[in-house]
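First up is the structure itself, then whatever we jot down about it.
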Amino acid sequence: MDWGLQNRLSRIIRQPQNRALMLAVDHGYFLGPTARLENAQKTIGPLLEYCDSLMLTRGILRTSVPPATDTPMVLRVSGGSSIVGEDLSREDITVDIKDALRLNVSAMAMSIFVGSKYEYQTIVNLGRLVNTSIEYGMPVLAVTAVGKEMSRDSRYLSLACRLAAEQGAHIVKTYYCEGFEEVVDSCPVPVIIAGGKKTSERGAIDLTYNAVQAGAVGVDMGRNIWQSDNPVPMIRAVQSIIHRNNDADAAWDMYNQLIKAT
Ligand code: 5RP
């Protein structure tokens, strides 16, 4: 792996802990103004100092993040469908590598939809994105998007993660499931988990802890942080699991203490 690519990767997966706290705010690319992300600048501002990297689209990066920030950016480069359209799996690459470089991002991210109508298109797109990205030393994060009709079990998620890694993705993002060790063990590149729909704060803390225990290098979490009534205590609790090896009880205590202190 070349130096530039490794350098970018190490900004996302922090060393020597080999852990990553990525804050996902890219939801608008197919959901539009998602609840509590309507004004992205306001949502991102207080959280920026606590995440290792921020995952977003170029539109939100340009308009809603201060250019003086040191936080590494993970740029979503796929899109083409919306929540009111016909098929969410119909995505293409929408951003040129030149714009990713101009924006000084640390990785590019795209979704693959294994088992969907557009499986072929999204997997081939991933291979092509990796071809381009390695030429420029730019890591690729593959997101294993799961359609409503798919079961999020370890068999399916292992398949999706492995396909992404086989195409050359440098990091894979997926969902936590029972038997998650199997997903991580059969994926030769680092795995991070999405938080999914908003659940209880304790539920999201447990999810983070269980995923890291099973071998995930961290999270790419969105709604369970910024849809919380207490987003800063929430991201700090998640951070304490990822970077300070807190267990779920300690992180939960920390969350409650931070609320009391504010
Ligand atoms: C959508 C994404 C989101 O970034 C991802 O789902 C993470 O956010 P959340 O924790 O809210 O699920 O990649 O395809």
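The values are calculated or read from the model by the stated rules, or taken from the named source; none is laboratory data. Since we're looking at a predicted model, the values are computed, not measured. Here the Cβ is made from the backbone with ideal geometry for all residues, glycine too, and neighbour counts use every protein chain on show. Areas reflect the complete protein model, heavy atoms only, side chains present, ligands, DNA and RNA absent. Shrake-Rupley method; radii C 1.70, N 1.55, O 1.52, S 1.80 Å.
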- First in segment 249-262 and surrounded by 16 or more Cβ atoms within 10 Å (Cβ to Cβ), second anywhere and of a type in the set (Ser, Thr, Tyr), Cβ under 6 Å, 6 or more apart: ALA251/SER240; MET254/SER240
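Only residues that are polar (S, T, N, Q) and surrounded by 22 or more Cβ atoms within 10 Å (Cβ to Cβ): list them for segment 221-238, please.
Residues of segment 221-238 polar (S, T, N, Q): 224, 227-228, 230.
Once the filter is applied, which keeps residues that are polar (S, T, N, Q) and surrounded by 22 or more Cβ atoms within 10 Å (Cβ to Cβ), segment 221-238 yields only ASN224.
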- Is one or more of the residues making up segment 12-34 polar (S, T, N, Q), under 16 Å from VAL143 (Cα atoms) and within 16 Å of the ligand (Cβ to nearest atom)? no
- Query: Do we have any residue at all in segment 9-20 that's under 15 Å from GLY195 (Cβ atoms), touching an Asp or Glu at 6+ places or on another chain (Cβ under 8 Å) and touching a residue at least 24 places away in the same chain (Cβ under 8 Å)?
  - Reply: yes
- Note on the structure: Residue hits (segment 105-126; touching a residue at least 12 places away in the same chain (Cβ under 8 Å), assigned to a helix (DSSP H, G or I) and more than 19 Å from the chain's Cα centre (by Cα)) are GLU119, GLN121
- Note on the structure: Checked pairs for segment 192-214, first more than 10 Å from the ligand (Cβ to nearest atom), second assigned to a loop (DSSP other than H, G, I, E, B) and modelled with pLDDT of 95 or more, C-beta under 6 Å and 6 or more apart or across chains, list as GLU201/SER228; ALA211/TYR176
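Being of a type outside the set (Asp, Glu), more than 23 Å from TYR29 (Cβ to Cβ) and either touching a Ser or Thr at 6+ places or on another chain (Cβ under 6 Å) or open to solvent by 40 Å² or more (accessible area, probe 1.4 Å) (or both): is that true of ALA214 here?
Working: of a type outside the set (Asp, Glu): yes; more than 23 Å from TYR29 (Cβ to Cβ): yes; either touching a Ser or Thr at 6+ places or on another chain (Cβ under 6 Å) or open to solvent by 40 Å² or more (accessible area, probe 1.4 Å) (or both): no.
The answer is no for ALA214.
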- Message: within 27 Å of GLU86 (Cβ to Cβ) and either open to solvent by 20 Å² or more (accessible area, probe 1.4 Å) or among the β-branched types (Val, Ile, Thr) (or both): which single residue out of TYR156, TYR176 fits that description?
- Response: TYR156
- List every residue pair whose Cβ atoms lie under 6 Å apart, where the two residues are 6 or more positions apart in sequence or sit on different chains, the first residue falls within segment 83-104 and is under 18 Å from ARG62 (Cβ atoms), and the second residue, located anywhere, is in a loop (DSSP other than H, G, I, E, B) and of a type in the set (A, V, I, L, M). VAL95/VAL77
- Out of (1) under 23 Å from ALA214 (Cα atoms); (2) surrounded by fewer than 20 Cβ atoms within 10 Å (Cβ to Cβ); (3) small (Gly, Ala, Ser), the odd one out for GLY127 is which? (1)
- With (1) surrounded by fewer than 16 Cβ atoms within 10 Å (Cβ to Cβ); (2) part of a loop (DSSP other than H, G, I, E, B) as the list, and ARG62 as the residue in question, which single condition is left unmet? (2)
